[in-house]
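These notes are about the structure you will find just below.
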Amino acid sequence: MSSSVSAPNSTTRSATGARNAVVLGLQWGDEGKGKVIDLLAAQTQVVVRCQGGANAGHTVVVNGKKSVLHLLPSGILHDGARCIIGNGVVVDPLALCAELDELIAGGYDPSSRLMVSDRAHLVLPCHKALDAAFENKKGDAKVGTTLRGIGPCYADKVARTGLRCSELRDLPMFEKKLRALLIQVNEYLVHLGAAALDLDAAAKQIMPACTRIAKFVADTASFLHEAAAANQCFLFEGAQGVLLDIDYGTYPFVTSSNTGVGGIIAGSGLSHKQLGDIIGVVKAYSTRVGSGPFPVELANSKGDDIRKRGGEFGATTGRPRRCGWLDLVAVRFSCRLNGVDAIALTKLDILDTEASIPVCVAYELDGKRIDTIPARIDDLAKVKPIYETLPGWQRPISAIRTYADLPPAAKSYIAYIEKHIGVPVRWIGTGPGREEIVIR
Ligand code: IMP
């Protein structure tokens, strides 16, 4: 096994005694799910990704080398784990091959443990071209997507015009269908003022990767049901965060999938009975990449300071993340929607130097206090955060390994969060390293 983390003892695995667990981001993505997944995956036999695509970026360390996984489940770094890319994921063959190649170049080949759902949709060159064309057309109103073709691929899925991985079982027929789709998309591209794709060049670019990933394509839902019947232990990896959910996020500045438990069920083929614990990952402050209202944003030197200390630059696109104080309105909203059992609070150490720490406990909208996220984006853009200010601890916590040793002000910060959202904090991230975690 290439993972350098020591296997957690049995008490680290479960919040409620359940065998399985779901890990979800409860903010706008980038909560530090990779590290939590990595910790929990050590005791897992099957790791499943259920939604999103190569827009995700989970940072992990393999043989001392930092890697960013986009499509592969982070649990792939644990030798024992079978890794499933479920039907709800949109699979970019080029991105998947590049990721595998990077791991193989680092001396680690996980291919034998990987399966890709035959019902997962394929992200094709036309989807990436459309993503860019739509964003250009929107001008200032652009979503700020990762340009990975995610939205156009999900749009094709819903419009019933997409191509699924099962098509890769007959590659000559797949290429015919690919060319037909490209002809159709070229009409939109031209209409949007973008260049049409060269059919031969696009096919030449994508076919080798499609041929390579065809061998991973399988009926993953049946595999998962058999594994469940054999009492295997599952970990479901959420991607992005609940505030980017297509239904409950800050629409239209969202991604194009359900990023909560709904996406886990629809995107894996298992039922709600197999989910187990719902573990919500919350960063000790807030960040967001891309456009859209962000009530707690600190568009000032304090925001710059947090970005610098927290290394808040996109793992997928390298874009600087917008930073702000912890938004408990948002976190409570996400907890309620997903029946969260326990919280992993990450990057608490980034607040070490603060003398006092504001947390947003409600919003003011048109002179009224509200405690939930309004559906209308123009209302969300208008809300003003209402803060309570808590004392900081002003000392480094990265070397601390037990809850009892945390400074009293850090414990009060955690207790305040728990009281406000009604969910216990069970893991506390105190630094970037795998061992820098406090487990309660
Ligand atoms: P898309 O998912 O590429 O369509 O991008 C839609 C929005 O979701 C943009 O604001 C992106 O920045 C954001 N987004 C997508 N994936 C992630 C992620 O993994 N972390 C943080 N933001 C993301």
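The values are calculated or read from the model by the stated rules, or taken from the named source; none is laboratory data. As the structure is a prediction and not an experimental result, all values here were calculated from the model. A quick note on method: Cβ atoms are made from the backbone with ideal geometry, for glycine too, and the neighbour counts reach across all protein chains shown.
Look at region 225-251: where a residue is touching a residue at least 40 places away in the same chain (Cβ under 8 Å) and a partner is among the basic types (Lys, Arg) and away from the ligand (no atom under 16 Å from the Cβ), sitting 6+ places away or on another chain with Cβ atoms under 7 Å, you get Cys233/Arg19. Would you confirm whether any residue within region 19-30 is under 23 Å from Asp247 (Cβ atoms), under 20 Å from the mean Cα position of the chain (by Cα), at pLDDT 80 or above and assigned to a helix (DSSP H, G or I)? The answer is no, given that none of the residues of region 19-30 is under 23 Å from Asp247 (Cβ atoms), under 20 Å from the mean Cα position of the chain (by Cα), at pLDDT 80 or above and assigned to a helix (DSSP H, G or I).
Can you name the residue in region 47-65 that is surrounded by fewer than 24 Cβ atoms within 10 Å (Cβ to Cβ) and within 16 Å of the ligand (Cβ to nearest atom) and is also modelled with the lowest pLDDT among such residues? If you could, list the steps in order and put the result at the bottom.
Keep residues of region 47-65 that are surrounded by fewer than 24 Cβ atoms within 10 Å (Cβ to Cβ), which gives 57, 59-65.
Still in the list and also within 16 Å of the ligand (Cβ to nearest atom): 57, 59-60.
Details: Gly57: 86, Thr59: 75, Val60: 69.
Looking at residues that are surrounded by fewer than 24 Cβ atoms within 10 Å (Cβ to Cβ) and within 16 Å of the ligand (Cβ to nearest atom), I get Val60.
Looking only at residues of region 32-56 that are touching a residue at least 60 places away in the same chain (Cβ under 8 Å), in a loop (DSSP other than H, G, I, E, B) and among the hydrophobic types (A, V, I, L, M, F, W, C), we find that the one that is farthest from Pro152 (Cα to Cα) is Cys50.
In region 160-175, the qualifying residues are those that are part of a helix (DSSP H, G or I) and hydrophobic (A, V, I, L, M, F, W, C), and the one that is surrounded by the fewest Cβ atoms within 10 Å (Cβ to Cβ) is Met173.
Does region 412-432 contain at least one residue that is among the basic types (Lys, Arg) and either buried (at least 21 other Cβ atoms within 10 Å of the Cβ) or farther than 30 Å from Val143 by Cβ (or both)?
Filtering region 412-432 down to residues among the basic types (Lys, Arg) leaves 419, 426.
Add one more test, that the residue is either buried (at least 21 other Cβ atoms within 10 Å of the Cβ) or farther than 30 Å from Val143 by Cβ (or both), and what stays is 419, 426.
Within region 412-432 (the criterion being among the basic types (Lys, Arg) and either buried (at least 21 other Cβ atoms within 10 Å of the Cβ) or farther than 30 Å from Val143 by Cβ (or both)), the answer is yes, since at least one residue qualifies.
If only one of Leu39, Leu114, Leu124 is within 23 Å of Arg169 (Cβ to Cβ), surrounded by 18 or more Cβ atoms within 10 Å (Cβ to Cβ) and touching a Lys or Arg at 6+ places or on another chain (Cβ under 9 Å), which one is it?
Working: Leu39 fails: within 23 Å of Arg169 (Cβ to Cβ); Leu124 fails: touching a Lys or Arg at 6+ places or on another chain (Cβ under 9 Å).
Unique residue meeting the criteria: Leu114.
Remark: pairs (first residue in region 345-361, assigned by TED's automatic domain parsing to the domain that holds Pro391; second residue basic (Lys, Arg); Cβ separation under 8 Å; 6+ apart in sequence or on different chains) = Leu345/Lys283; Thr346/Lys35; Thr346/Lys283; Lys347/Lys283; Ile350/Arg309; Asp352/Arg395; Thr353/Arg309. With respect to the conditions (1) more than 17 Å from Ser257 (Cα to Cα); (2) within 16 Å of the ligand (Cβ to nearest atom); (3) in contact with a Phe, Trp or Tyr (Cβ under 7 Å, 6 or more places away or on another chain), Leu114 lacks only one, and its number is (2).
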